[in-house]
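Notes follow once the structure below has been shown.
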Amino acid sequence: MNSPPSRLEDEQFRTPLFDAMVSLAESHKVSFHTPGHKSGKGISTRFRKFVGPRIFSIDLTTLDEVDSLQNPTGVIKEAQELAAKACGADRSYFLVNGTTVGNHAMVAATTGPGDRVLIARNCHRSVLTGLIVSGAHPIFFQPAFDRDLKLTLNMTFETVKQAVDANPNSRALLITSPNYYGLCADIEKIIPYAHEKGLIVLMDEAHGPHLKFNPKLPKCALETGADMCVQSTHKIVGGMTQASMLHAKTGRVNIDDVTNTLKLLQTTSPSYILMASLDLARMQMATEGKKLLNRTIKLAEEARAEIDKITGITSFSKERAKQAGMADMDVTKLTITVSELGLSGYTVSHMLNTRFGIQVEMADPFHVLVIVSIGDRQDDLNRLVEALRMIAVETGLQGTLLPLDRVHPPQLMNRFAMTPREAFYSDTEMISINQTIGRVAAEIVTVYPPGIPLLVPGEEISKDAIDYLQNMAGLGAIIDGLNENNSLVRVVKA
Ligand SMILES: Cc1ncc(COP(=O)(O)O)c(C=O)c1O
């Protein structure tokens, strides 16, 4: 006989925010407040016809019945408390501008002008924009590039230890884990060591909102002792686009500072639809996440095995990632290596989209990356495997292999003339990319995806960084932060 559910489990079936929204919508009160479409009555007919009328009845604003995100005392407070319990935080916050605003808040709430923050270079640009808000000084360290797997790995304990030991008196450490490819930094060793050295540990866990809910997945940030983490609930589990969560532990972090910083950064008109999706996604994960993720893991692992049988295509396993020195890997990410076909990831991504109607998460010179989630079904994975098989047969290993050295990310210099904030507020000019070596960047420039920053405001520009940018642009990567034809870079005026 099954044991009766504990009170904690019972509680996680509750969705206080969503319930209050439905109840208010069903009360059909007359609205003389925002939003101006008044429960959809004023919305464009085309929009209403496509999505149906009900969604507009829960597009609400801050009202007594549904609480306030800026100053929660009712159902939003309850919903955030349930999220904190489910995720193992002391305090959780709903975010309506994605993990981007969570990164801004983590950095700005814990660091300020004069502080030094150790940052793993494989960070999202929002970590850097957080530095522009905070005024802190970054010290970057870089994960290694694995020539066999043909991608940038995540942080090992040794690399982080070296950076921590070389920079005493720093205030915080910021790690991104898992990375886009599901590779995990060795946080079980890194976090206790950083704490021992007096650092606050911040984690961008954009790609890990599901980890807590299935023991077959890598350990999550809060379980391993991170002080704060931010998760893109919308990327991997059931949140709607832009809906993320920020989680904090008390002790090293001042919760009032976090609350105040989020008040500064978040809108006073948050979307209740996004917030409801967070309430429901948390309930779904807490009550049936394990089962849903078991199916997801099985789908991903079976697809990986099938893809591996295709001549010229591979998808590395958790065991292979561990051999490369990684602490763990989220197996729901399928990194599909296509370079043996003599095709780039960009070409295969384009073929999958235009010929087979399959859209992948991202492509790089050697791979396409597929996110398998609780929304996928067996048929979707079968279709992917079949399409890859056809591409492999048609191509027949005829293409030219890309020379690895052209696309091997450079070791960046980490030489800062000023802080990112100072560079951002300096007088700047746009100059030809060929004249930038030795100048100080005033713009974040990333190769997208995955968006790892090549140029950071305040940092001296190196020849290696420019060569890499030009190589990647030539291969069809999207470069974010330059002008439209990738010829001009914003730098601080000399
Ligand atoms: C590691 C990482 N952090 C943060 C972000 C930003 O997240 P969001 O799109 O939810 O704002 C991304 C987006 O791709 C990301 O990959």
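The values are calculated or read from the model by the stated rules, or taken from the named source; none is laboratory data. What you see is a predicted model, and the numbers here were worked out from it, not measured in a lab. Positions of Cβ are generated from backbone atoms using ideal geometry, with glycine treated the same way; all protein chains shown enter the neighbour counts.
Points worth noting:
- Entry remark, segment 176-188: residues being of a type in the set (Phe, Trp, Tyr) and away from the ligand (no atom under 12 Å from the Cβ) number 0 in total.
- The set of residues in segment 148-166 being touching a Leu at 6+ places or on another chain (Cβ under 6 Å) and either more than 16 Å from the ligand (Cβ to nearest atom) or farther than 21 Å from Asp364 by Cβ (or both) consists of Ala163 alone.
- Evaluating Gln162 against the criteria (1) under 26 Å from Gly102 (Cβ atoms); (2) touching a strand residue (DSSP E or B) at 6+ places or on another chain (Cβ under 8 Å) leaves one unmet condition, (1).
- Strands (runs of 3 or more DSSP E) wholly inside segment 385-490 that include at least 3 residues being away from the ligand (no atom under 16 Å from the Cβ) and surrounded by fewer than 19 Cβ atoms within 10 Å (Cβ to Cβ): 428-432
- The condition of being under 18 Å from Leu151 (Cα atoms) and within 27 Å of the chain's Cα centre (by Cα) holds for only one of Met413, Met472, that being Met472.
- A count restricted to segment 125-143 and to residues that are surrounded by fewer than 24 Cβ atoms within 10 Å (Cβ to Cβ), in a loop (DSSP other than H, G, I, E, B) and either modelled with pLDDT of 95 or more or more than 20 Å from the chain's Cα centre (by Cα) (or both) stands at 1.
- Just one of (1) among the aromatic types (Phe, Trp, Tyr); (2) within 23 Å of Ala281 (Cβ to Cβ); (3) in a helix (DSSP H, G or I) fails for Phe47. It is (2).
- All conditions but one from (1) crowded, with 18+ Cβ neighbours inside 10 Å; (2) in contact with an Asp or Glu (Cβ under 8 Å, 6 or more places away or on another chain) apply to Ser244; the one that does not is (2).
- The residue that is farthest from the chain's Cα centre (by Cα), counting only those in segment 88-113 that are more than 16 Å from the ligand (Cβ to nearest atom) and over 21 Å from Arg125 (Cα atoms), is Asp90.
- Of the criteria (1) within 16 Å of the ligand (Cβ to nearest atom); (2) at positive phi, which one Gly251 fails: (1)
- Of all the listed residues (Asp257, Asp279), the sole one being touching a Ser or Thr at 6+ places or on another chain (Cβ under 6 Å) and assigned to a helix (DSSP H, G or I) is Asp279.
- Of all the listed residues (Thr176, Thr152), the sole one being β-branched (Val, Ile, Thr), at pLDDT below 95 and crowded, with 19+ Cβ neighbours inside 10 Å is Thr152.
- The set of residues in segment 161-184 that are closer than 14 Å to Leu222 by Cα and either outside any strand (DSSP E or B) or touching a Gly at 6+ places or on another chain (Cβ under 8 Å) (or both) comprises Ser177, Pro178.
So that you can scan it fast, the table gives a plain yes or no per residue for (1) more than 16 Å from the ligand (Cβ to nearest atom); (2) farther than 14 Å from Asn103 by Cα; (3) out of contact with any Lys or Arg (no Cβ under 7 Å at 6 or more places or on another chain):
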residue: Ile190; (1), (2), (3): yes, yes, yes
residue: Glu196; (1), (2), (3): yes, yes, yes
residue: Leu202; (1), (2), (3): no, no, yes
residue: Gly225; (1), (2), (3): yes, yes, yes
residue: Cys229; (1), (2), (3): no, no, yes
residue: Gly239; (1), (2), (3): no, yes, yes
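- Meets criteria (closer than 21 Å to Gln359 by Cα and surrounded by fewer than 22 Cβ atoms within 10 Å (Cβ to Cβ)) for Glu301: yes
Residues checked against (1) of a type in the set (Val, Ile, Thr); (2) assigned to a helix (DSSP H, G or I); (3) within 19 Å of the chain's Cα centre (by Cα); (4) within 12 Å of the ligand (Cβ to nearest atom):
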residue	(1), (2), (3), (4)
Pro215	no, no, no, no
His247	no, no, yes, no
Ser269	no, no, no, no
Ile273	yes, yes, no, no
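- Residue ID - farthest from Asp330 (Cα to Cα), chosen from residues in segment 277-298 that are surrounded by fewer than 23 Cβ atoms within 10 Å (Cβ to Cβ), in contact with a helix residue (DSSP H, G or I) (Cβ under 7 Å, 6 or more places away or on another chain) and among the hydrophobic types (A, V, I, L, M, F, W, C): Leu280
- Test result for Gly135, more than 15 Å from the ligand (Cβ to nearest atom), more than 30 Å from Ser344 (Cα to Cα) and of a type outside the set (D, E, K, R): yes
- Any pair with Cβ under 9 angstrom, 6 or more apart, that starts in segment 153-175 at a residue that is touching a residue at least 40 places away in the same chain (Cβ under 8 Å) and farther than 16 Å from Pro192 by Cβ and ends at one that is of a type in the set (Lys, Arg) and assigned to a loop (DSSP other than H, G, I, E, B): Ser170/Lys197
- Matching entry among Ser126, Ser170 (being within 15 Å of the ligand (Cβ to nearest atom) and of a type in the set (Ser, Thr, Tyr)): Ser126
- When the test is whether a residue is under 17 Å from the mean Cα position of the chain (by Cα) and under 14 Å from Arg304 (Cβ atoms), Ile371 passes it.
- The single condition from (1) within 25 Å of Ala363 (Cα to Cα); (2) surrounded by 21 or more Cβ atoms within 10 Å (Cβ to Cβ) that Ile187 fails is (1).
- Subset of segment 56-78 [in contact with a helix residue (DSSP H, G or I) (Cβ under 7 Å, 6 or more places away or on another chain), in a helix (DSSP H, G or I) and either among the acidic types (Asp, Glu) or touching a residue at least 40 places away in the same chain (Cβ under 8 Å) (or both)]: Glu65, Val66, Val75, Ile76, Glu78
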